[in-house]
1. Shape call for the range A:3-289 from the C-alpha gyration tensor, a ≥ b ≥ c root eigenvalues: rounded (a/c under 1.5), prolate (a/b greater than b/c) or oblate?
2. Using Cα centres only, tell me the gap between the range A:157-186 and the range A:270-289 in whole Å.
3. For chain B, what does the relative contact order come out to in percent, with C-alpha contacts under 8 Å and a separation of six or more?
4. Which aspartates and glutamates have a Cα less than 18 Å from the Cα of A:K351, not counting those fewer than 8 places away in the same chain?
5. Within the set of other residues whose C-beta is less than 12 Å from the C-beta of B:E289, count the net charge using Lys and Arg as +1 and Asp and Glu as -1.
6. Straight-line reach from A:K259: which lysines have a Cα under 16 Å away, not including same-chain ones fewer than 8 places off?
7. Output needed for the range B:381-492: three equivalent-ellipsoid semi-axes, defined as square roots of 5 times the C-alpha gyration tensor eigenvalues, in descending order, whole Å.
8. Ranked from highest to lowest mean number of other Cβ atoms within 10 Å per residue, what is the order of the peptides B:329-335, B:116-122?
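Readers should treat all values here as calculations from the given coordinates under stated rules, not as data from a laboratory. Because the structure is predicted, anything quoted here is derived from the model rather than measured. For neighbour counting, all protein chains shown are included, and Cβ atoms are generated from backbone atoms with ideal geometry for every residue, glycine included.
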Amino acid sequence: MAWETIIGLEVHVQLATRSKMFCACPNVFGAPPNTLTCPVCLGLPGVLPALNKQAVLFAIKTAKALDAQVHPCSLFARKNYFYPDLPKGYQISQYEQPLATAGKLRIETSGGTKTIGITRLHLEEDAGKLIHEAEFTRAGASYVDLNRTGVPLMEIVSEPEISTPEEAMAYLRALRELVRYLKVSDGNMEEGSLRCDANVSVRPEGSQTFGTKAELKNMNSIRFVGKALAYEVERQVRVLESGGKIAQETLLWSEKLEKTLPMRSKEEAHDYRYFPEPDILPLTIEGEWIEALPELPWDKRERFKQVYDLTDEESGILTEHPALAEFYEALVDAFPNPKAASNWILVELLKSFRPKMNRLDFFPAVSPKRVARVLSMVEEGVINQNTAKDLLARLLEEDFDPEAFVAQQGLGQISDEKALLAWIDELFERHPSQVNEYLDGKEKVFGFFVGQLMKMSQGKANPRLLNTLLKQKFDARKGAF
Amino acid sequence: MSNLPFLTLAELRSGYSRKEFQPSEVIEAHLKRIEALNPELNAYLEVFADGARDRARTLDKKLTQGGPLGPLFGIPLAVKDVLCVEGTKTTCGSKMLEPFIAPYDASCIRRLRDQGAVFLGKTNMDEFAMGSSTENSAFGPTRNPFALERVPGGSSGGSAAAVAAHLCQAALGSDTGGSIRQPAAFCGIVGLKPTYGRVSRYGLVAFASSFDQIGPMAKTSEDAAILFWAIAGHDPKDMTSSARPVPSLEALLGQDSRRFRLGLPKEYFVEGMDQEVRDALLATLANLEGLGVQVEEVSLPHTPYATAVYYILATSEASSNLARYDGVKYGFRAKDADSLLELYELTRAAGFGPEVKRRIMLGTYALSAGYYEAYYKKAAQVRRLILEDFTRAFEKVDAIVSPTTPTPPFLLGEKIEDPLTMYLSDIYTNALNLAGLPGMSLPIARTGDGLPVGMQIMAPAFMEERLFCLGSLIEELTNPPIRGVPFDQPIA
Ligand SMILES: [Zn+2]
């Protein structure tokens, strides 16, 4: 039997606000445990939440970019459950009347373009972290770190319209790219600033009813989401084909075991007793809170292809991070050869940018104007490609004026015909047998002469001119016979 | 014994400005009285004797040096133990928070400190403000200074008894369904529940967040106005606090209430209202009419639902607000738990008293899947109807009046085993919390047995000045004046 897969994703995005959602504690990753806390985020008796406006603005921006409907009035709610990482015993979230509903996100897969519906987007606060460490003195002890408690989260729920693990991965990549473009989150799955839960079910192809779904958690990278979904789909098909039934349960992906493991069954599911959060008045969105959006990644990609005549791959890479795209455009501005500019970036510069490109605050640590000067010198024949590569590598290390440097260090190409001809004569005298070989038709020796001449000029000979002159000299010799 | 504790807050203020006495004398006189009477009354759970003396000495110097004095300069205040005062225990009358020391000041405490107030200590209360007699305190009941065998009311019973027995000039209480007004009535003092949002709740340990308000308990309407004025106003730490400006103290006390039209809700005159209470109210209204005040009947048709709606919504919020007391982070923690679940169960079973458990169960039930629509949601809809009742009534009248409580203070132990009867002592007060409106109780008479009788005045939102002005007018009519226990009446 042929099976159809149905996947819906719930993505939690940590918002890159300066402070937490309801208090003034800094919102940063990686501080020593329990150092970023105050009475509010510790949930001490008597404290109250004060909503961070920046978090609201970030969520509105994202909702707008997802073409969702931002509601003029939305409500916060309490989600009640007991757990040591939740100091108030409830999480402030949104339930009825979320911030935004009915959006969409376009994804690209090997099968083409597809639009996935977004059910809802809402704001909530993050919980703390539990650390279970076997090596601590008391076996089985757990430790609570509340630094993350109250960090603003945006939950984005997709419609169950994702049909393959590949589409799920593409969806996550598109979403991650979007939040980076909007500068609302660094979208880093390894650090947990982007987290994904998945609802998966399968049904016989053509069936109109949904199968029983399982919820997958603990997938810490886009790759793991792909693996976990593929595993789970296969498992469900196997169970159904052998006459079994799928249990409605929550499963954890174990990367170590490469399988999903049961976490809790439907019977153990919480009753969260949602009710409107009485400490926060209904959120009324005011007109001026809706800011103009920056150019979105898919629009930029299309424009780069059109305007700069780039390939899908080139425009794809150059638009991966808004700062890289900005760098490219500044470079083209000062060096109006888009294709060459793209090549130079992709071949010479990208590898040094890559390690930092998953950060929101990434920017290419080199001035596009300087790079443009280097590339112009190549085009003008002042320097050759090798010199240009050296210069770019140096520019990544420190800032300097490339033209002054070339002049000072005498790195300019030697385009002086007399000097080049003198070197050729000298070379011919030193290697008469190789000259004869060439004249006998062994044209491969030509390269030997170019290499030698480059050495004599310390790499600075203008290669095009050198070639021409060398050819002329040989032709003259031929003619002499 | 010094007569300083028997002055009113206003009298104390003018005495300081004329340098008739020093803060140290005033504080010392109060501490002496506390020492003598608190063991019997159990109004204070903790007395900040050393801290208050230190602070008074600092203020003495300030008085000697001259210069402007804060609006509450040298005023000795008591604080209900539901408010956080930095560095001191905040127990909420519960074993659960017995070891908890607040690391921060409630916003109203900060304001009062800045204005020169001196805090004498923390007062007893029903556990987590749940109760009407202060018998639900984990630290023993408070006794009514008018009659030691009787309750002071609750949940702010400790604050009410402390003011009534002149163990402080005024006190802070909190009111979720009547917890300021009912004990004020039982103890013969003035107690105000401000409009919801008028006073910041930051630092008030939450019982039911959409009902709770902090308010003053004092000997006169004027004193209540001064303390109200000192704590009212917007606070960025409380999103439900109003940005509306607070009137000046002069404006709060300067209205001519002789032209008021008063409404008497017919639904309040039901079975269960004590004859002496009814007579006292009607006599007061007759006196007011003699001064030109008009009294007419108004209708608040949804009144019969108020108590049920109140207990569904308030307990729902409470069940969530009290979830944080789990033994993990602070407060009481059960020993010998073998698992996380057991830690929760043992801690909450031993840390909370029976009334708190009852309300957590009630609220958890009302919010549960399958019951939410029928209970919480329905109650929230009726809550809106109750507010509309008031809005409609206030189109006709300036203020609404009623008894504060159906009966004078009852005996210790009389109702504690019967929660439903106990809940009925709030029937005239909890509708106002549902509507978020301001209300004040003030003493109007004493029964044949010498027990105080209170009257409640209710006003539209943010119209507290009507309460203070009408209150002051009624005080002029009350002869002899009732300002807590008369100083020639012995306690104990
Ligand atoms: Zn904090």
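1. Since a/c reaches 1.5 but b/c is at least a/b, the shape of the range A:3-289 is classed as oblate.
2. Between the Cα centres of the range A:157-186 and the range A:270-289 lies a distance of 26 Å.
3. 18
4. Within the straight-line cut-off, A:K351 pairs with A:E313, A:E314, A:E320, A:E326, A:D361, A:D390, A:E397, A:E398.
5. +1
6. A:K217, A:K227
7. They are 28, 22, 9 Å, listed largest first.
8. B:116-122, B:329-335
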